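Some notes on the structure that comes next.
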Amino acid sequence: MTDIAPAAPPRPAAERFLLAFSRLWAWAFLGLMVVFFVIAVPLASGGSASFLTLRNSQNILVAITPIVLLGLGQTFVIISAGIDLSVGWVMSLASVASALAIRAAFNAGLPLFPSVVAGFLAAVAIAALVGAVNGAIIAKLKVPAFIVTLGTSFIVRGIALLMSENTTVIGLPAGVRAYGNEALLYVIRGEGGGIYFLQPPEVTGELLRRLDRVLPYPVVVTIVVVAIAMFVLRKTQFGRHTYAIGGNLEAAVRTGIPVDRRLIALYMLSAVTAGIAGFLSTLRFTAGSAVIGDPLLLSSIAAVIIGGVSLFGGAGSIMGTVIGSLIIAVLTTGLVMLNVDAFWQFIVVGTVVIVAVLIDQSRDLIIGRGRRGARR
Amino acid sequence: MTVPVLAVRGLVKRFGGLTAVDTVSIEVHAGEVVALLGDNGAGKSTLIKCVSGVHVPDAGEIRLDGRPISFAGPIDARQHGIETIYQDLALANNLDVPANIFLGRELKRRHLGGLVRTLDERRMLAASDTALDALDIRFPSLTQPIESLSGGQRQAVAIARAVYWEAKLMIMDEPTNNLGVPEQRKVLELIARLRDQGVPVILITHTLPDVFAVADRIVVMHRGRKVAERRAAEVSTNELVQYMVGALDDFRAEAAP
Amino acid sequence: MASKRWSLVLAGAVALAAVGAQAQEKLKIGFLPGVVDPFYQVMQVGVEKAAKDLGAEVVTQVPPTWGVEAQTPILDAMVARGDLDYIITAPVDKDQMVGPLKAAADAGIKIITVDTFLGDGDYANGPVTFPLSYIGSDNVEGGRISARGLAKAIGGKGAVYVNSTNPNVSSVEGREKGFAEVMAKEFPDIKVIGPDYNLDDPNKAAQQTQAVLEREPDLAGVFGTNVFSAQGAGTGVQNAGLGGHVQVVAYDATQLAIELMDKGVVTMVLAQKPFDMGYMAVEFAAADAAGVTSLPKRVETGFAIIDKDNVKDPAIARFIYQVPK
């Protein structure tokens, strides 16, 4: 029996603790933040406001919808050791395209639902096209992803502003609002309350005040997309190849992985999730906006990094990105409820991102990745 | 005389004005380890790359099991059973042992009547276990990313991969570089085991002790030409060094004027 | 002026409210302007002063950028607090913010819009009726005044350029409309170029203005429709070395606009009255809480027209947007 070098001696307890901590710290931080706000918000408002309400939890879920969707695609791309800087503008372009499509379809006589479907298809198709262009240039012309997606982001931005004629795309049928804002469940808190499925109860006044929407449709769509993404990343050959490309591109090429095809698919994926986000935004605000995705790019990258995806590629998970997004949203919402200047959120998120990268680096040091130097 | 697994006759490869491989012929039979020696620039890497499909030779012939063959690329060569393990091993550090063994050739399971295909991790793990067993390799854990394995262990994974995919011919480029002495010994034992199982191995190396430890025959190249082909048992270190620096040349008469 | 009459009604209501407020729990009001800029900062001063005078508590949050994706989550969080009675807000889009604000109203919070309105601004008979009131400038009239001022400054003919911020915002839309209306009807010899949208970025406004200056040799005047547009356009003119030759009318009296006027770059500054808007909004909230039901659905606060001649007059200068230290 050959023992090809005996197993490395078991790690000292300190190292093992640090490794476990580095995997779980994001969860712990999220938990701590929630506890902090649950205590602090009532204190700061003299007992009148509270943080952990059903309504607030749904607000947070709705707020993270675009960040999670952008982050999902970004997670795949970053695991492959790439990056997609165009997602914010792709979301805007998709928002404009879907608004125009819905309006045109409805005005041409299509009923509401098919018009909305037309909007969805428009958003996804245009996003997929941008993603394919990104992927093709990155794979075939071997231009670094950073540069390509930066360039396409400007082009996409121009197209979005052109298509929307530099204004918000309005004039959508009013029924669209329902798709973007109604929910699976309706809960009326307190007396005379109850739980209703799919149809909001027709109430007014006091009962209306206590009506909360639980699991709005955009959140449901996001949960479904998250589940699919987790499945693809963990359980399919495509996901495995994504990790391989990020781990060692040379090895991927030499072992026969069709790297070019995979890269194009990856950038199409990240664009399409952005496209879905744009479509949902159009539904939510009943309008297409050419500027809506702009601030979200950096938030999506922050969420991905906080969630433990290494910027060097080869590691990360969807769940991590979801946790990262939750951290950002809980933080933002909590600060507003504490009546703290919302600008603090930027400082805190930035700090958390740096901490996340430091923790990622320390994991590398402990495991010994560092000693083998650059991998490509 | 059995048909050699690999027969290279009169191979020539030029890059611009430089003749990297100058009319080289070698044969490798089943169950033997051939060491390919030569100083830097001798042409051993280029020769190997022609055999493994990376380069297309300018002249000469390659026969596999007696049949002439030319490869469309390295993947084509691999599909014909020629596995090459380069110095960087082509392993993904962030993936575990079974994932690496099946890299690019993952086993899948079908669900929902063929609509959805997922990775068959159970089968890959079992197959890896068997392959490693056959080579008598033991790892502490098969499901940890291989980045925490030692150099020798990673070599073992690369070798196990080649063996699993039923290599007809194994080519190894400097396998014991960057390894500590005990690990070098273990890798050489593996190579010997491969040979014993009938897989021929071409071993490119600088390290003379390795040659004497495991090679059956030695081919020395110098400035693109084959200058020696000797049985390991019948040659001394001194002679090998002289071949390598060009002081000795058994085929000088055949060289172009 | 309309506001004078209402002031008397309010005085009475305020007295009532002040008494009432002591008796019940403190009134809690949320203030959610559009973005960080001197106009809203002065409005915030007005809001806080009124809150102090009337014994109400104000929770203020200012979105870092102009846009529904920035304003909506903050609005949602304010609603989720569960303790606000009123929200005074400047909706950043007159259509997209209808949904989120209606949801806030459904949750029991009364909405007062300042500076910008929802829908068409007619909360009595228009498409949007749930807000309590709209308090802001008559921006169409402001546009008209700006047009006449600029036309006079350039001698009634030539080309003028309009630089604006965001589309679908009621306030700047009104100004563009009033401006275009007057130019078309009263000054047919003046060609109007634009509007271009700088998306609330003064740097962009400066660039856009300079670009137009390059390609339009006859350009005689520029109209910047709000704080950042005016600043940016004025800077653009100045950077092109045309200060004094190209007349600039600036809507919104920031320090920078006044400085540019001193340098001769800006001809006329239209000052709104954000302090009054903010103060009145809180008054309305207090009055409504005290049971007043006859609050007007629309109040137009006035303008102060500032030019080189009256800028030193303290009665006028007090309308310059500055936050007291």
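Would you compute, from DSSP H runs of 4+ residues alone, the mean residue ellipticity of chain A at 222 nm, taking -39500 (n - 2.57) per run and dividing by the full residue count, rounded to the nearest 500?
The helix-only estimate for chain A comes to -23000 deg cm²/dmol at 222 nm.
For the protein assembly as shown, what is the convex hull (Cα atoms) projected area averaged across all directions, in square nanometres? Spell out each step's value before the answer.
Values: hull surface 203.8 nm².
If you wrap the Cα atoms of the protein assembly as shown in a convex hull and average its projections, you get 51.0 nm².
Whole-Hz ³J(HN,Hα) for each residue in the stretch A:251-265, computed from phi via Karplus 6.51 cos²θ - 1.76 cosθ + 1.60 with θ = phi - 60°, x for glycine and proline: what do you get?
My calculation for the stretch A:251-265 gives 4, 4, 4, 6, 8, x, 5, x, 4, 4, 4, 5, 4, 4, 4 Hz in order.
Sort chain A into rounded, prolate or oblate with this rule: let a ≥ b ≥ c be the square roots of the eigenvalues of the Cα gyration tensor; rounded if a/c is under 1.5, and if a/c is not under 1.5, prolate when a/b is larger than b/c, oblate otherwise.
On the way: a/c = 2.12, a/b = 1.25, b/c = 1.69.
Oblate, because a/c is 1.5 or more while a/b does not exceed b/c.
Could you run the numbers on buried accessible area between A and C, total for both chains, 1.4 angstrom probe, in Å² to the nearest 100? Numbers along the way, then the final one.
Working: alone 18750 and 13530 Å², together 29590 Å².
In total, chains A and C hide about 2700 Å² from solvent.
Could you check what % of the DSSP bridge pairs in the stretch B:166-241 are antiparallel, to the nearest 5? Show your work: numbers first, answer last.
On the way: 6 of 10 bridges.
Percentage antiparallel, nearest 5: 60.
Need one value for A:39-48: mean number of C-beta atoms belonging to other chains within 10 Å of its residues' C-beta atoms. Walk me through the intermediate numbers first.
Values: counts 0, 0, 4, 2, 0, 1, 7, 4, 1, 8.
Mean inter-chain Cβ contacts per residue within 10 Å come to 3.
Separation of the stretch C:300-323 and the stretch A:107-138 by C-alpha centroid, Å?
51 Å
For the stretch C:117-220, what class follows from the C-alpha gyration tensor (a ≥ b ≥ c being the square roots of its eigenvalues): rounded when a/c is under 1.5, otherwise prolate if a/b is larger than b/c, else oblate?
Working: a/c = 3.11, a/b = 1.64, b/c = 1.89.
Oblate, since a/c reaches 1.5 and b/c is not below a/b.
How large, in percent, is the carbon and sulfur part of the accessible surface of the protein assembly as shown at a probe radius of 1.4 Å?
The computed percentage sits at 59.
Below 23 Å, Cα to Cα, which lysines can residue B:13 reach? Residues fewer than 8 away in the same chain don't count.
B:44, B:49, B:226
Determine how large the accessible area of residue C:297 is when every protein chain is in place; take a 1.4 Å probe and give Å² rounded to the nearest 10.
Rounded to the nearest 10, that gives 80 Å².
Give the separation of the Cα centroids, the stretch A:206-282 to the stretch A:43-106, in Å.
Cα centroid to Cα centroid, the span is 13 Å.
Please list, in chain and number order, the residues 5+ apart from residue B:225 or on another chain whose amide H is under 5 Å from its amide H, with Hs placed from the backbone.
B:22
Could you tell me the relative contact order of the stretch C:234-325? Use alpha-carbon pairs under 8 Å, at least six residues apart, and round to a whole percent.
Numbers: 108 pairs, mean separation 28.0, N = 92.
Relative CO of the stretch C:234-325 lands at 30 percent.
Between A:271, A:97, A:118, which gets the highest mean-square fluctuation from a Gaussian network model of chain A, Cα cutoff 10 Å?
A:118
Identify which of C:77, C:180, C:281 has the largest mean-square fluctuation in a Gaussian network model of chain C, with springs joining Cα atoms closer than 10 Å.
C:77
Per-residue mean of other chain beta-carbon atoms within 10 angstrom of the beta-carbon, peptide A:164-171?
Numbers: counts 1, 1, 6, 5, 9, 2, 6, 1.
That average works out to 4.
Relative contact order of chain C: what whole-number percent is it, with Cα pairs under 8 angstrom and at least 6 residues apart?
20 percent
Rolling a 1.4 angstrom probe over the protein chains, ignoring ligands and nucleic acids, what is the accessible area of residue C:235 in square angstrom, nearest 10?
Per-residue accessible area (residue C:235): approximately 40 Å².
Report the accessible surface area buried between chains A and B, summing both sides, using a 1.4 Å probe on protein heavy atoms only, in Å² rounded to the nearest 100.
Working: alone 18750 and 12690 Å², together 28440 Å².
That pair of chains buries around 3000 Å² in total.
Just give the residues from the stretch B:105-129 buried by at least 30 square angstrom of accessible area in the all-chains context relative to the isolated chain, probe 1.4 Å, and say none if nothing qualifies.
Hits at the 30 Å² cut-off: B:106, B:108, B:118, B:119, B:121.
Can you run phi through the Karplus equation (6.51, -1.76, 1.60; θ = phi - 60°) for the stretch B:227-234 and list ³J(HN,Hα) in whole Hz, with x for Gly and Pro?
For the stretch B:227-234, the Karplus-derived couplings read 10, 7, 8, 10, 6, 4, 6, 10 Hz, x marking Gly and Pro.
Any residues in the stretch B:146-168 that have 30 Å² or more less accessible area with all protein chains than in their chain alone, probe 1.4 Å, and which are they?
In the stretch B:146-168, residues shielded by partner chains: B:147, B:148, B:153.
May I ask you to derive the relative contact order of chain B, considering only C-alpha pairs under 8 Å and at least 6 residues apart, and to give it as an integer percent? All intermediate terms of the calculation are to be shown ahead of the outcome.
Details: 480 pairs, mean separation 68.0, N = 257.
Rounded, it is 26 percent for chain B.
Could you pull the accessible area for residue C:85 with a 1.4 Å probe, rounded to 10 Å²?
Looks like 60 Å² after rounding.
Going by Cα centres, the stretch C:69-94 and the stretch A:293-348 are how many Å apart?
21 Å
Dimensions of the stretch A:242-301 along principal axes (Cα, Å, largest first)?
On the principal axes, the stretch A:242-301 reaches 49, 20, 14 Å in Cα extent.
Can you list residues whose amide H is under 5 Å from residue C:117's amide H, if they're 5+ apart or on another chain and H is modeled 1.01 Å from N?
For residue C:117, whose amide H was placed from the backbone, the distant partners under 5 Å are C:170, C:171.
What is the spread of the Cα atoms of chain C along each of their three principal axes, largest first, in whole Å?
Between the extreme Cα coordinates on each principal axis of chain C lie 65, 40, 38 Å.
On a 1.4 Å probe surface of the protein chains, which of C:123, C:279 comes out largest in accessible area, and what is the full order? If you can, show how the numbers build up before the last one.
Values: C:123 5, C:279 55 Å².
Result, largest first: C:279, C:123.
Is the C-alpha gyration tensor of the stretch B:1-93 telling us rounded, prolate or oblate? Criteria: a/c under 1.5 is rounded; beyond that, a/b larger than b/c is prolate, otherwise oblate.
Working: a/c = 1.33, a/b = 1.03, b/c = 1.28.
It comes out rounded by the Cα gyration axes.
Residues of the stretch C:196-226 losing 20 Å² or more of accessible area relative to the isolated chain, 1.4 Å probe, heavy atoms only?
Residues meeting the cut-off: C:197, C:199.
Search the structure for amide H atoms under 5 Å from the amide H of residue B:108, placed 1.01 Å from N in the peptide plane, and list their residues when 5 or more places away or on another chain.
For residue B:108, whose amide H was placed from the backbone, the distant partners under 5 Å are B:120.
Rank these by accessible area, largest first, 1.4 Å probe: A:39, A:79.
Working: A:39 100, A:79 0 Å².
From most exposed to least exposed: A:39, A:79.
Taking the solvent-accessible surface of protein heavy atoms with a 1.4 Å probe, what is the per residue accessible area of the stretch A:102-184 in Å²? Don't skip to the answer; put the middle values down first.
Numbers: 4090 Å² over 83 residues.
Here the per-residue accessible area is 49 Å².
On a 1.4 Å probe surface of the protein chains, which of A:204, C:129 comes out largest in accessible area, and what is the full order?
Details: A:204 115, C:129 70 Å².
The ranking, largest first, comes out as A:204, C:129.
Which whole-Hz ³J(HN,Hα) couplings does the stretch A:159-164 yield from phi under the Karplus relation 6.51 cos²θ - 1.76 cosθ + 1.60, θ = phi - 60°, glycine and proline marked x?
5, 4, 5, 5, 4, 8
Hey, what's the stretch B:1-122 come to in accessible area per residue, 1.4 Å probe, Å²?
Working: 5400 Å² over 122 residues.
For the stretch B:1-122, the solvent-accessible area averages 44 Å² per residue.
Averaged across A:253-265, how many Cβ atoms of other chains sit within 10 Å of each residue's Cβ atom? Please report the intermediate quantities before stating the final value.
Details: counts 4, 11, 12, 8, 5, 1, 1, 0, 0, 0, 0, 0, 0.
Counting other chains' Cβ atoms within 10 Å and averaging over A:253-265 gives 3.
Report the residue, chosen from A:100, A:110, A:215, that carries the largest GNM mean-square fluctuation when chain A is represented by alpha-carbon nodes joined by springs under 10 Å.
Judging by the Gaussian network model, the answer is A:110.
The values are calculated or read from the model by the stated rules, or taken from the named source; none is laboratory data. Computed from a prediction, not measured in an experiment: that's the story for all the values here. All Cβ positions, even for glycine, are placed from backbone atoms using ideal geometry, and neighbour counts span all protein chains on display. Heavy atoms of the whole protein, side chains included, go into the accessibility calculation; ligands, DNA and RNA do not. Shrake-Rupley method; radii C 1.70, N 1.55, O 1.52, S 1.80 Å.
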